[in-house]
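*Asks:* Input: one structure, supplied below.
The values are calculated or read from the model by the stated rules, or taken from the named source; none is laboratory data. As the structure is a computational prediction, the values presented were derived from the model and not from experiment. Every residue, glycine as well, gets a Cβ built from its backbone with ideal geometry; the counts of neighbours run over all protein chains shown. The area values use the complete protein model at the heavy-atom level, side chains included, leaving out ligands, DNA and RNA. Shrake-Rupley method; radii C 1.70, N 1.55, O 1.52, S 1.80 Å.
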Amino acid sequence: MKKNIQYKSSELLRKEKKLALLLILPTICLVLSIVLIPLIANFWISFKPISLGDLRPPSLIIKENIRGKLSKSGEIAQIHYRYRNSSTKYDLNEVIFTDFIPKGIDIIDIKQDTLCSVESNKLICNLGKLKAKSSGKIILEISRNDSWVNIDDNPKKHKPIASFTTTNILTSFDFTLENYKKIFSANEFWQVLKITIYYTVFGTAGALLLGLFAAQILQKSFKGRPIIRGLLLFPYVSPVIAVAFAWVILFDPFSGVVNSMLIQMEVIEKPINFFGQKFVSFYFFGFELKFPLALSMVIIFEIWRYFPLSFLFILAKMQSIPEDIYEAAEIDGATPLQQFYFLSLPFLIGIIATLFLLRFIWTFNKFDDIFLLTGGNAGTRTLTVNVYEQAFAISNLGAGAAVAVIIFIILLIFSIFFIKYSKKETI
Amino acid sequence: MFWKYGLFCSILTGSIWGLFWQIIFTMIGLLTIGEKLYVNVVPFLIVGSLISVIYVFLQNKISIKFHLLSIIFMVLLIYSFTFGDPFLQKKTNSISTFLLVVFNSFFTWISIYLSLKQINIGKLSRYNLEKFYLRLLWGLGLIILILITLLPFYIMIMTSLKNQQSLILNPLDLSLNFTSDLNVLFSSYIELFTNFNFHIFLFNSFLVSIVTVFVTLFFSIPGAYALSRLRFPAKEWFSGSVILIYLIPSIVLVIPLYAVFSQLGLRNSLFGLLIVYPATTIPVALYMLRGYFNSLSKEIDDAAIMDGLSRFQIIIKIAMPLSKPAIVSVALYVFMIAWNEFLFAFMFLDDTDLFTLSRGIISLNSSEIPQQHLMAGAVIATLPVMVIFLYLEKFLISGLSSGGVKG
């Protein structure tokens with residue numbers, strides 16, 4: 001009896017395992033193919049000499065032309081086939097092209113009869129290997145015979161069909177370290193890394209502090225609080241493209257509201273190009289201080305857009321703190337600042353740490369915002385923008401992938417930190 | 001110390017609020033009445049502090065009449081201290097500047113009243129002092145937060161309703177001429193829908209987002225159920241790796257996906273997007289739903305099994321109806337991610353017929369197309385998300401705070 005139950009429960013467990021796999025397998029497959037395999041493919045591409053143009057597969061271009069007239073039976077004309085390898089880099093191998101020869105046409109002569117042969121109204125030309133950029137020509141001499149039917153038998157009606165094999169740069173075993181060499185030797189790289197760190201640290205810390213501040217303000221209950229809580233989440237939920245362009249127009253040097261207002265109020269004399277100027281200089285006791293304007297603006301945008309997230313989480317956590325400890329503290333005469341410092345903060349420190357790590361990683365990953373605001377110009381190029389710049393602006397996919405690999409490795413280090421610390425507090 | 005005395009507190013409060021509202025109302029005036037105004041610092045500082053001192057002395061006699069009288073008194077003070085020209089316009093004053101002054105006085109008075117409640121002129125205790133300073137900070141902070149949050153949206157909407165001429169003439173004048181024809185007011189929107197194919201973009205965006213929602217739910221509900229209820233090897237490992245996938249940036253994926261999709265012919269197609277979007281949203285959805293399933297009691301499942309329901313039936317008949325709020329919030333959240341997505345749409349789509357809104361708006365960002373078209377596009381993209389958000393805010397907030405924190 002007992003054995004029976006044991007057997008049954010292990011049978012049940014087996015079934016459960018099977019079912020669980022069935023339920024979760026589709027998800028795993030999809031995520032694997034779109035997230036993890038590309039991740040590995042990115043490593044692969046980063047070791048390849050591949051540019052954007054190489055993605056267009058090489059092909060054989062054939063043009064068919066008829067010289068002469070075929071208006072009457074017995075007339076002679078020529079068909080010219082011009083072929084060309086479209087790629088400037090890669091050879092085509094085993095090139096064969098075939099064309100259908102209609103019944104109403106007799107082939108008199110083939111100029112390159114070593115390459116071509118005719119098999120039951122089909123022309124087959126075996127061109128063999130075709131080097132990059134190379135081209136050639138095949139001429140057929142034809143005549144019209146009596147079985148010509150006007151509509152069907154025009155030789156141009158049938159397009160020549162080509163077949164060939166070629167090396168696909170993505171799958172070949174052609175590796176190079178050039179991409180990494182290029183990335184690391186460029187002076188710009190260390191500058192980019194520095195800017196990324198500035199952006200990430202100040203963006204994260206700023207958004208977190210503003211979020212904490214907003215949460216403190218919205219914790220006090222007052223009329224209209226739910227509405228204001230909703231309003232404060234607007235920057236986070238609206239499309240990045242809309243808010244980024246709104247900021248660009250708001251700070252536009254020619255027709256932007258901020259510039260016109262500052263000029264109107266006589267704070268500045270000339271309009272400032274907030275998103276296009278790398279530095280503004282200040283003189284402080286005779287020292288020239290350079291303030292990175294565009295970078296700061298991008299950081300301010302980041303803070304503005306993401307403080308709602310920290311705000312929401314910190315507020316949720318604060319509302320879960322029991323009221324009575326504050327009441328007790330009030331009776332003991334603790335001042336508001338003391339209450340914040342000794343009661344709220346210890347409760348919040350866990351969520352703040354977790355938010356900091358998460359936001360740190362996401363800010364580090366951020367691409368859209370900077371790309372839309374400045375395009376990575378004026379000293380705002382971060383690593384992620386550099387990926388785009390290398391891969392799509394300079395068209396060097398390999399170098400872009402190499403930068404992406406560097407990003408991934410840095411992220412991996414962050415993530416290890418994240419896992420280590422996030423065990424204390426789960427969001 | 002002088003800053004511990006109520007008198008100093010009241011002067012400080014009065015001057016801060018006086019200055020603050022003066023700046024705000026100058027800005028509001030600049031943006032709405034379209035006249036040239038200047039910030040006039042000193043008189044407003046003085047009037048603010050005078051009024052707050054009066055308040056502290058007379059606060060026991062407070063009544064509606066007292067409020068009204070003080071506001072009128074304040075308007076008079078402002079006009080007399082600025083010699084009849086509160087915003088330094090150097091010309092005769094209009095009714096609109098008078099209204100600005102009245103509103104200014106009203107808000108300044110209310111702010112002073114709210115921040116100086118129960119403050120007497122003498123020395124304050126540490127508790128009351130902190131309470132006072134924090135209250136001041138609270139008020140200032142709340143108003144500034146709201147203003148900086150909403151300003152870009154205000155600019156976005158107003159710019160989209162203006163025409164080219166008036167924008168170049170005076171970029172500050174965002175007042176609207178409601179007397180004009182609606183066709184003129186909404187000319188940018190009409191232009192976008194007639195000449196810039198925005199109806200196609202809107203349709204594509206809805207199509208992609210809604211399909212993404214359904215695909216995501218189709219995959220993630222069974223997945224999350226399995227992660228929450230069933231026992232299988234490496235379960236913990238799966239749960240852990242879900243959040244790690246979250247941390248992988250799309251810029252790292254974009255190059256290989258671009259390369260492979262180009263060669264497979266999937267790149268310039270909505271189908272390509274519909275493969276990528278669910279793959280990025282499923283981990284988020286799995287994480288959120290698993291959390292919710294965990295909070296449901298397992299006994300119901302056991303009872304259902306006893307009654308002879310299969311696991312699939314349990315998911316459809318029990319788990320899904322019970323977790324409706326979570327599913328709605330996940331669906332909304334996924335919709336928002338797909339709707340707002342920019343990078344893949346930008347990299348993948350080349351044909352105008354396939355553009356989503358994000359991609360379409362990018363194509364408006366050129367010097368040949370006027371700004372108000374770009375802003376009208378931005379409004380069109382923002383509006384559906386806002387409507388959904390405001391309508392179902394509670395769902396979304398609970399969803400957001402239960403783990404949907406995709407940056």
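*Asks:* Residue check: is A:F175 farther than 30 Å from A:N121 by Cβ, in contact (Cβ under 8 Å) with a residue 40 or more places away in the chain, assigned to a loop (DSSP other than H, G, I, E, B) and open to solvent by 60 Å² or more (accessible area, probe 1.4 Å)?
*Replies:* Judged against the criteria, A:F175 is a match.
*Asks:* Would you check which residues across the stretch A:53-82 are at pLDDT below 80 and of a type in the set (A, V, I, L, M) and list them?
*Replies:* A:L55, A:L70, listed by residue number.
*Asks:* State yes or no: is B:L343 over 13 Å from B:V208 (Cα atoms) and in contact (Cβ under 8 Å) with a residue 12 or more places away in the chain?
*Replies:* Against the criterion (over 13 Å from B:V208 (Cα atoms) and in contact (Cβ under 8 Å) with a residue 12 or more places away in the chain), B:L343 qualifies.
*Asks:* Which one of these is out of contact with any Phe, Trp or Tyr (no Cβ under 8 Å at 6 or more places or on another chain) and closer than 30 Å to B:F261 by Cβ: A:I61, A:I79, A:I45?
*Replies:* Among A:I61, A:I79, A:I45, only A:I45 is out of contact with any Phe, Trp or Tyr (no Cβ under 8 Å at 6 or more places or on another chain) and closer than 30 Å to B:F261 by Cβ.
*Asks:* Could I ask something else about it? Would you mind stating whether A:L55 is open to solvent by less than 60 Å² (accessible area, probe 1.4 Å) and free of Cβ contacts under 8 Å to residues at least 12 places away in the same chain?
*Replies:* Judged against the criteria, A:L55 is not a match.
*Asks:* Sticking with this one: Consider B:Y225 carefully, then state whether it is farther than 20 Å from B:L357 by Cβ and either part of a helix (DSSP H, G or I) or open to solvent by less than 40 Å² (accessible area, probe 1.4 Å) (or both).
*Replies:* yes
*Asks:* Of the residues A:V298, A:V237, only one is open to solvent by less than 20 Å² (accessible area, probe 1.4 Å), over 28 Å from B:L30 (Cβ atoms) and of a type outside the set (S, T, N, Q); which?
*Replies:* Checking each option against the conditions leaves just A:V237.
*Asks:* Given the structure, is B:L58 modelled with pLDDT of 85 or more, open to solvent by 40 Å² or more (accessible area, probe 1.4 Å) and either over 26 Å from B:I146 (Cα atoms) or polar (S, T, N, Q) (or both)?
*Replies:* In short, no.
*Asks:* I'm told A:F43 meets every condition in (1) in contact with a Gly (Cβ under 9 Å, 6 or more places away or on another chain); (2) farther than 19 Å from A:D109 by Cα except one. Can you identify the failing condition by its number?
*Replies:* Every listed condition holds for A:F43 apart from (1).
*Asks:* Could you figure out which of (1) away from chain B (no Cβ under 14 Å); (2) surrounded by 15 or more Cβ atoms within 10 Å (Cβ to Cβ) isn't true of A:F282?
*Replies:* (2)
*Asks:* Continuing with this model, one more query. Going through the stretch B:256-302 one residue at a time, which ones are in contact (Cβ under 8 Å) with a residue 24 or more places away in the chain, of a type in the set (S, T, N, Q) and more than 9 Å from chain A (Cβ to nearest Cβ)?
*Replies:* B:N268, B:S269, B:T281, B:N294
*Asks:* Restrict the check to the stretch B:131-145 and report whether at least one residue is open to solvent by 70 Å² or more (accessible area, probe 1.4 Å) and among the β-branched types (V, I, T).
*Replies:* Scanning the stretch B:131-145 turns up at least one residue that is open to solvent by 70 Å² or more (accessible area, probe 1.4 Å) and among the β-branched types (V, I, T).
*Asks:* Same structure, new question: Pick out, from the stretch B:54-162, the helices (runs of 4 or more DSSP H) lying fully within it that include 3 or more residues that are away from every other protein chain (no Cβ under 14 Å) and closer than 22 Å to B:T26 by Cβ.
*Replies:* Answer list for the stretch B:54-162: B:64-81, B:95-115.
*Asks:* Tell me which helices (runs of 4 or more DSSP H) are completely within the stretch A:327-427 and hold 3 or more residues being aromatic (F, W, Y) and either under 26 Å from A:L39 (Cβ atoms) or out of contact with any strand residue (DSSP E or B) (no Cβ under 7 Å at 6 or more places or on another chain) (or both), or say none if there are none.
*Replies:* The qualifying helices (runs of 4 or more DSSP H) are A:345-365, A:397-422.
*Asks:* Return the total of residues in the stretch B:164-185 being modelled with pLDDT of 70 or more and more than 13 Å from chain A (Cβ to nearest Cβ).
*Replies:* Residues meeting the conditions: 5.
*Asks:* Return the pairs, sorted by first residue and then second, in which the second residue is open to solvent by less than 20 Å² (accessible area, probe 1.4 Å) and part of a helix (DSSP H, G or I), the first residue lies in the stretch B:235-248 and is assigned by TED's automatic domain parsing to the domain that holds B:A224, the beta carbons are less than 6 Å apart, and the residues are 6+ apart or on different chains.
*Replies:* B:S239/B:L227; B:V242/B:P283; B:V242/B:L286; B:I245/A:V35; B:I245/B:P283; B:Y246/B:P283; B:L247/A:I361; B:L247/A:S415
*Asks:* Any residue at all in the stretch A:311-326 that is outside any helix (DSSP H, G or I), in contact (Cβ under 8 Å) with a residue 24 or more places away in the chain and either more than 8 Å from chain B (Cβ to nearest Cβ) or surrounded by fewer than 20 Cβ atoms within 10 Å (Cβ to Cβ) (or both)?
*Replies:* yes
Yes/no per residue for (1) surrounded by 24 or more Cβ atoms within 10 Å (Cβ to Cβ); (2) at pLDDT 90 or above; (3) in a loop (DSSP other than H, G, I, E, B):
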| residue | (1), (2), (3) |
| --- | --- |
| B:E191 | no, no, no |
| B:S209 | no, yes, no |
| B:T212 | yes, yes, no |
| B:I221 | no, yes, no |
| B:P233 | no, no, yes |
| B:E236 | no, no, no |
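*Asks:* Mind telling me which of the residues B:G48, B:G84, B:G139 ends up being of a type outside the set (V, I, T) and modelled with pLDDT under 85?
*Replies:* B:G84
*Asks:* Here's another thing I want to ask about it. Could you figure out which of (1) over 15 Å from A:T165 (Cα atoms); (2) open to solvent by 50 Å² or more (accessible area, probe 1.4 Å); (3) part of a loop (DSSP other than H, G, I, E, B) isn't true of A:P102?
*Replies:* (2)
*Asks:* For A:K156, indicate whether it is away from every other protein chain (no Cβ under 14 Å) and modelled with pLDDT of 90 or more.
*Replies:* For A:K156, the condition - away from every other protein chain (no Cβ under 14 Å) and modelled with pLDDT of 90 or more - is not met.
*Asks:* Which one of these is surrounded by fewer than 21 Cβ atoms within 10 Å (Cβ to Cβ), within 27 Å of A:G203 (Cα to Cα) and within 11 Å of another protein chain (Cβ to nearest Cβ): A:T384, A:T335, A:T363, A:T354?
*Replies:* Among A:T384, A:T335, A:T363, A:T354, only A:T354 is surrounded by fewer than 21 Cβ atoms within 10 Å (Cβ to Cβ), within 27 Å of A:G203 (Cα to Cα) and within 11 Å of another protein chain (Cβ to nearest Cβ).
*Asks:* Return the pair list, or none, for Cβ contacts closer than 7 Å from residues in the stretch B:117-133 that are assigned by TED's automatic domain parsing to the domain that holds B:Q59 and over 18 Å from B:I16 (Cβ atoms) to residues that are modelled with pLDDT of 80 or more and part of a loop (DSSP other than H, G, I, E, B), at least 6 apart or on different chains.
*Replies:* B:R126/A:T335; B:Y127/A:G333; B:Y127/A:T335
*Asks:* Another question, then. Within the stretch B:240-247, is there a residue that is assigned to a helix (DSSP H, G or I), hydroxyl-bearing (S, T, Y) and under 33 Å from the mean Cα position of the chain (by Cα)?
*Replies:* yes
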